[in-house]
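Engineer: The following block contains the structure, expressed as structure tokens.
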Amino acid sequence: MFPATGGVVFNDAVRAREDARAAQAAYPKAAVLSQQLITRAKNTPERSWLAEVSSVVLQQALRDVQAAYRNFFASLKGERKGKRVGAPRFRSRKDSRQAIRFTANARWKITGGGRLSLPKIGEVKVKWSRVLPVTPSSVTVIVDAAGRYFASFVIDTDAETNLARWTEPDPEAAIGIDLGLTHFAVLSDGTKIDSPRFLRRAEKKLKKAQRELSRKRKGSKNREKARLKVARAHAAVADARNEFHHQLSTTLIRENQAVAVEDLAVSGLARTRLAKSVHDAGWAQFVGMLEYKAKRYGRTFVRIGRFEPTSQVCSACGHRDGPKPLQVREWTCPACSTVHDRDHNAAINVKQAAGLAATACGAPVGPGLVPAQREETGSHGIPTESRAA
């Protein structure tokens, strides 16, 4: 396969635009770049090998450059939400992830025998992770740092089809979630979910593999074998964490009509002495899964502000008892004498702050329900991955 081919055209396009910027000239249009970097380049000795690759892959690389610059300028103008996006950077053959994308124009197909037929590559044996419900519109072939190849398909499904997959839960079923390190999650109903600590459990194996890598001569074949061993060990940890997050988020969304979670300052916590444990927990990935699954299946998802004093307030009477050090796992409310488990109390407060529960007097607390918004088109492009053997 040609995972780095798109990167070459991508880098050529970035260089062409940077040269134009340095010369204070207008950025070359996509059509000009296509003619110069693909059509003409195929006739040069340095880039003649581009003719061996599907032209659709090369065109997609140019579109990626356009999208990268478009996002960069939108971020500069403040028109793009989220974190600020930097200028496009050159890609490297040593990047941990390489990918090429085939659209419908590339005439790729899934054969009757369940193989993936790719232009100028041929038929590839695939281990399917699931059955595709409809014909995909595109496929992206990905190779990760561990040398594993994946095929990710984009399919278009109807919103009603998504809803039909699951039975509707009790309309009143709602849950508040307090994320932590002692337990991965504590729910407002008292359920405590242990933290698997995948990285901590694999540390001994990872250290041994990393030590072997450091002893190998740079540039040697043995060093490359040792690097793959380290990458595969890390991939096993990441895969296990990803599977845990998927299973838990699916269960919570399936069984509840509304889910509330605290918006944690993960980037800040990742700079403290707890950094390794914070990264091992993977809170941001888990919350992201909850959010997109709630949107897909018509559930209500609420994020509570990170400055909400969920660990300081008595969930029974509302008395605020002030901040407490992390070693305090249980406390008694001085106002009503209720004994609280710190994390369970916080989960109840998360639920109440989201407006998903009522106080002892029956009055709702916090803002009203914030339903997850569906796409205006009423359909969702869902990437489905399968592993290429």
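Engineer: Quick query: amide H of Ser138 versus all other amide H atoms, modeled in the peptide plane; which residues come in under 5 Å with a sequence gap of 5 or more or a different chain?
Structural biologist: Result for Ser138 returns Val154.
Engineer: Provide the descending list of Cα extents for the chain along its principal axes, expressed in whole angstroms.
Structural biologist: So the extents along the principal axes, rounded to whole Å, are 82, 54, 54.
Engineer: Which angle from 0 to 90°, rounded to the nearest 10, does the C-alpha axis of helix 198-214 make with the longest principal axis of the chain?
Structural biologist: The answer is roughly 30 degrees.
Engineer: Let me ask another. Could you run the Karplus curve 6.51 cos²θ - 1.76 cosθ + 1.60 with θ = phi - 60° over segment 148-153 and give me ³J(HN,Hα) per residue in whole Hz, x for Gly and Pro?
Structural biologist: With coefficients 6.51, -1.76 and 1.60, one gets 8, 9, 10, 10, 10, 9 Hz.
Engineer: Further, regarding this structure: Add -39500 (n - 2.57) for each DSSP H run of 4 or more in the chain, then divide by its residues: what number comes out at 222 nm, to the nearest 500 deg cm²/dmol? Mind dumping the intermediate values first?
Structural biologist: Details: 10 runs with 140 residues, N = 389.
Mean residue ellipticity at 222 nm (helix-derived): -11500 deg cm²/dmol.
Engineer: Just going by the charge dipole of segment 190-271, with Lys and Arg at +1 and Asp and Glu at -1 on Cβ, which of Asn222, Leu264, Ala233 is farthest out on the positive end?
Structural biologist: Working it through, the farthest residue towards the positive pole turns out to be Asn222.
Engineer: Sticking with this structure for a sec: Compute the helix-to-body angle for 5-22: its Cα long axis versus the longest principal axis of the chain, expressed 0 to 90° and rounded to tens.
Structural biologist: 90
Engineer: Pull up all non-local amide H partners of Glu262: gap of 5 or more, or a different chain, and H-to-H distance under 5 Å with H placed in the peptide plane.
Structural biologist: Ile177, Leu179, Ile304
Engineer: Using alpha carbons only, how many degrees (0 to 90, rounded to 10) separate the axis of helix 283-296 from the longest principal axis of the chain?
Structural biologist: Once rounded, the angle reads 90 degrees.
Engineer: When a footprinting reagent is the concern and you count Cβ atoms within 10 Å, what order do Val131, Val8 take, fewest first? Write out the running numbers ahead of the final one.
Structural biologist: Numbers: Val131 6, Val8 20.
Fewest to most other Cβ atoms nearby, the residues stand as Val131, Val8.
Engineer: Sort out for me the Cα centre separation of segment 226-251 from segment 38-66, rounded to whole Å.
Structural biologist: Value for the Cα centre distance between the two parts: 34 Å.
Engineer: Then there's this: Output ³J(HN,Hα) for segment 124-137: one whole-Hz value per residue in order, computed from phi by the Karplus curve 6.51 cos²θ - 1.76 cosθ + 1.60 with θ = phi - 60°, and x for Gly and Pro.
Structural biologist: These are the phi-based 3J(HN,Hα) values: 10, 6, 10, 9, 6, 7, 6, 7, 6, x, 9, 5, x, 8 Hz.
Engineer: Applying the Karplus parametrisation 6.51 cos²θ - 1.76 cosθ + 1.60 with θ = phi - 60° to the phi angles of segment 236-253, what ³J(HN,Hα) value in whole Hz is obtained for each residue in order, glycine and proline being reported as x?
Structural biologist: These are the phi-based 3J(HN,Hα) values: 5, 5, 5, 5, 5, 5, 4, 5, 4, 4, 5, 5, 5, 5, 5, 4, 5, 6 Hz.
Rule-based calculations on the coordinates, nothing more; no lab input. Computed from a prediction, not measured in an experiment: that's the story for all the values here. Note that each Cβ is placed from the backbone with ideal geometry, even for glycine, and that neighbours are counted across all protein chains shown.
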